[in-house]
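Worksheet for the structure shown next.
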Amino acid sequence: MTTKNKQNSPSRARTAGRKGRQVSPWAWVGLAVPLAALLVIIIVGSVASEPGSAIEAQQAPAFTLPDTAGGTQSLDEILARGDALLYFSMGVGCDGCFDQIPEAAAGLQARGVQLVPVMVDGAEMVAHEAARFGITTPILIDESREVSDAYGMLGVYGHGDRPNHSFALVRADGTVAWVKHYATMFVPLDQLLADMGQA
């Protein structure tokens, strides 16, 4: 094979082609920027359409539910006592959900707001767990999940059949002033109060 043929061999042509197609590092940057922008749009969109937020500034859905004290409570009866923070949680099996009640109840009461916990487990199970945590606040029982659904509390953070850790502040006039879903199973009182301050 002559020198000329060596220079024009197919293997050399393929090598030259690969060198010609090398991607510049700047090309990766150019690709990463629009991908990052798309990710931001998706995240912002998911927050904007956060389940439950649609009821803010709306009239709170009415309800009457049994409680762990053996009675029933209606929304009208609750609001007759003043503003209420409805607290929808995972319930039995979530220690943080029960830990939340005494701290939040005391802190809110001092500010003229009553905490109204709502859980979807059976009354006996919830009452047993509440006693384990020394909780005396009656917990509303929403086994049918109709109230939780009406307030947009189902399907948040992947929990399809029960609430996650969510709050709805209902004013005495029946208006939903604020809704917030938390990914964590316990919210420190100072953070809860600061977030509520947005209402």
query = Out of the range 142-199, which residues are touching a strand residue (DSSP E or B) at 6+ places or on another chain (Cβ under 6 Å) and at positive phi?
reply = Gly174
request  = Quickly run through the range 165-181 and pick out the residues that are within 14 Å of Leu86 (Cβ to Cβ) and part of a loop (DSSP other than H, G, I, E, B).
outcome  = Arg171, Ala172, Gly174
ask   = Regarding Ser89, is this residue within 22 Å of Asn164 (Cβ to Cβ), touching a His at 6+ places or on another chain (Cβ under 7 Å) and at pLDDT 95 or above?
value = yes
request  = Considering every residue within the range 99-109, establish whether at least one is touching a residue at least 40 places away in the same chain (Cβ under 8 Å) and under 18 Å from Glu56 (Cβ atoms).
outcome  = no
note = When the range 151-168 is checked residue by residue, the ones that are more than 15 Å from Phe63 (Cα to Cα) and either touching a Gly at 6+ places or on another chain (Cβ under 8 Å) or of a type outside the set (Phe, Trp, Tyr) (or both) are Leu154, Gly155, Val156, Gly158, His159, Gly160, Asp161, Arg162, Pro163, Asn164, His165, Ser166
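Filter the strands (runs of 3 or more DSSP E) completely within the range 48-139 down to those with at least 2 residues that are exposed (fewer than 13 other Cβ atoms within 10 Å of the Cβ) and not assigned by TED's automatic domain parsing to the domain that holds Trp178. Before you say what the answer is, go through the steps one by one.
Working: elements: 64-66, 72-74, 84-89, 114-119.
Where strands (runs of 3 or more DSSP E) fall fully within the range 48-139, none carries at least 2 residues being exposed (fewer than 13 other Cβ atoms within 10 Å of the Cβ) and not assigned by TED's automatic domain parsing to the domain that holds Trp178.
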query = Would you pick out the residues in the range 53-94 that are in contact (Cβ under 8 Å) with a residue 12 or more places away in the chain and among the acidic types (Asp, Glu)?
reply = Glu56, Asp67, Asp76, Asp83
query = Would you pick out the residues in the range 165-184 that are touching a Ser or Thr at 6+ places or on another chain (Cβ under 9 Å) and either among the hydroxyl-bearing types (Ser, Thr, Tyr) or at pLDDT below 95 (or both)?
reply = Ser166, Tyr182
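Does Ala183 satisfy the condition of being under 13 Å from the mean Cα position of the chain (by Cα), over 17 Å from Val120 (Cα atoms) and exposed (fewer than 14 other Cβ atoms within 10 Å of the Cβ)? First the steps, then the outcome.
Numbers: under 13 Å from the mean Cα position of the chain (by Cα): yes; over 17 Å from Val120 (Cα atoms): yes; exposed (fewer than 14 other Cβ atoms within 10 Å of the Cβ): yes.
When the stated conditions are applied, Ala183 passes them.
The values are calculated or read from the model by the stated rules, or taken from the named source; none is laboratory data. No experiment lies behind these values; they were computed from the predicted model shown. Backbone-built Cβ (ideal geometry, glycine too); neighbour counts: all protein chains shown.
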